[in-house]
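Before any comments, here is the structure.
The values are calculated or read from the model by the stated rules, or taken from the named source; none is laboratory data. Bear in mind that the values here come from a model prediction, so they are computed numbers and not experimental data. Counting neighbours? That spans all protein chains shown, and the Cβs are built from the backbone with ideal geometry, glycine included. Only protein heavy atoms, including side chains, enter the accessible area calculation; ligands, DNA and RNA are left aside. Shrake-Rupley method; radii C 1.70, N 1.55, O 1.52, S 1.80 Å.
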Amino acid sequence: MPPYSFLDGPYRLAMGLHALSPDDWLEVGPDAAWQMAERRRLLAERPAEVVAALPESMPGQRELFALVLAHLPECFADRWRREGAELVDRASGERFASKPDEPLMALGRMVQEDFCLMQKGPDGYRLTAAVLCFPAHWRLADKLGRPLDVIHEPVPGFDARLARPVDRFFASLQARRPVWRANWSLQETPALFRPPELRRRPRTIEAERAGEQLWLRVERQTLQRLPGCGDVVFGIRTYLRPLAEVVADAAAARALAARVREMPDDMASYKNLVSIRAPLLDYLDRCAEPPPPQTVSAS
């Protein structure tokens, strides 16, 4: 089940970090087949849009690849096996060399997670490399080489509320002590590749059909420091489910409605919810109502 952060209580702008067991770093779910097919398609058809790196990132790329190479057969032995210097994906039959020339391209074909490498520089940590097949309204080329505060500039309240805590966290993050967090958004298609121009499109939904017209997108985000080069790895595992499926649970419908109501207008605008807020809440409120009691006729 995806980590639904909207179930965790009232809305607040916070990092929301949780300790993560190293064994639970990567996830393979029932959506693996279609997500991996989409990743391979994007890597083949749009490589310049989903993979980018600065030259100084290569030590981090190689260390990250070695970490994944060791993790997969240890934690997912039913799917991955070693054969000499290669790692074999039992599901696809694909073989991966232990030292590929393009580590990020290989990682994009191996796991469902996207990865961003953050490297310390004079202006703090900056993005130096990434394989990003499933962006949520941002473009890798626009962020490459930029520091954290610039990357998060569009997020309402980030500079005032989160910039300093994020800087302190990155400075104090220890190797082999990963953490995770989650966020959520709503989108009007089941597409995983979401460039920024889609955020600017106005949304229209009908309260009666909101469950069919919207999908809940959840990102499980992990952070850990590479012990060798010291770069920070930001992993993104994306889940996508029809809204109707999520709110079939009345408690989930109530919690999501509460978070939508609590969300400040600037954040609702950032999440592109303003134009659909009223019909969305109408739909969620109806899903949150208990079913009417059944009457039993006397025989």
Those GluC sites (Glu not before Pro) in the stretch 165-229 that DSSP places in a loop and that have at most 13 other beta carbons within 10 Å: Glu206
Kyte-Doolittle mean at least 0.0, axial Cα span of 24 Å or more - DSSP H helices of the chain: 58-75
Quotient of Cα Rg and 2.2 N^0.38 Å for the stretch 81-186, N being how many residues it contains: 1.31
Using θ = phi - 60° and Karplus 6.51 cos²θ - 1.76 cosθ + 1.60, couplings along the stretch 140-152 (whole Hz; Gly, Pro as x): 4, 4, 6, 9, 4, x, 8, x, 4, 5, 6, 4, 9
Which of Arg139, Arg277 is most accessible, then next, and so on - probe 1.4 Å: Arg139, Arg277
Whole-Å semi-axes of the stretch 49-103's equivalent ellipsoid (Cα gyration tensor): 23, 12, 10
For the stretch 212-260, convex hull of alpha carbons as volume per residue, Å³: 100
Principal semi-axes in Å for the chain [√(5λ), Cα gyration tensor, largest first]: 35, 24, 18
Top of Ala91, Ala70, Ala141 by mean-square fluctuation, Gaussian network on the chain, Cα under 10 Å: Ala91
Percent accessible area from carbon and sulfur atoms, the chain, protein chains only, probe 1.4 Å: 52
Heavy atoms of Cys75 accessible to a 1.4 Å probe, total area in Å² rounded to 10: 40
Choice from Pro264, Pro30, Pro178 with maximal GNM fluctuation in the chain (Cα, 10 Å cutoff): Pro30
Accessible surface, per residue, of the stretch 206-294 when the full set of protein chains is kept, probe 1.4 Å, Å²: 42
Centre separation in Å (Cα based) which lies between the stretch 232-295 and the stretch 49-105: 37
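What do you get for Rg/Rh over the stretch 159-299 if you use C-alpha atoms and the Kirkwood form of Rh?
Using Cα coordinates only, the ratio equals 1.10.
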The stretch 25-152: relative contact order as a whole-number percent, Cα under 8 Å and 6+ apart: 30
Karplus (6.51, -1.76, 1.60) ³J(HN,Hα), θ = phi - 60°, over the stretch 11-18, in Hz, Gly and Pro reported as x: 4, 7, 7, 7, 5, x, 7, 10
Cut-off 12 Å between beta-carbons: net charge of the residues surrounding Arg220, Lys and Arg +1, Asp and Glu -1: -2
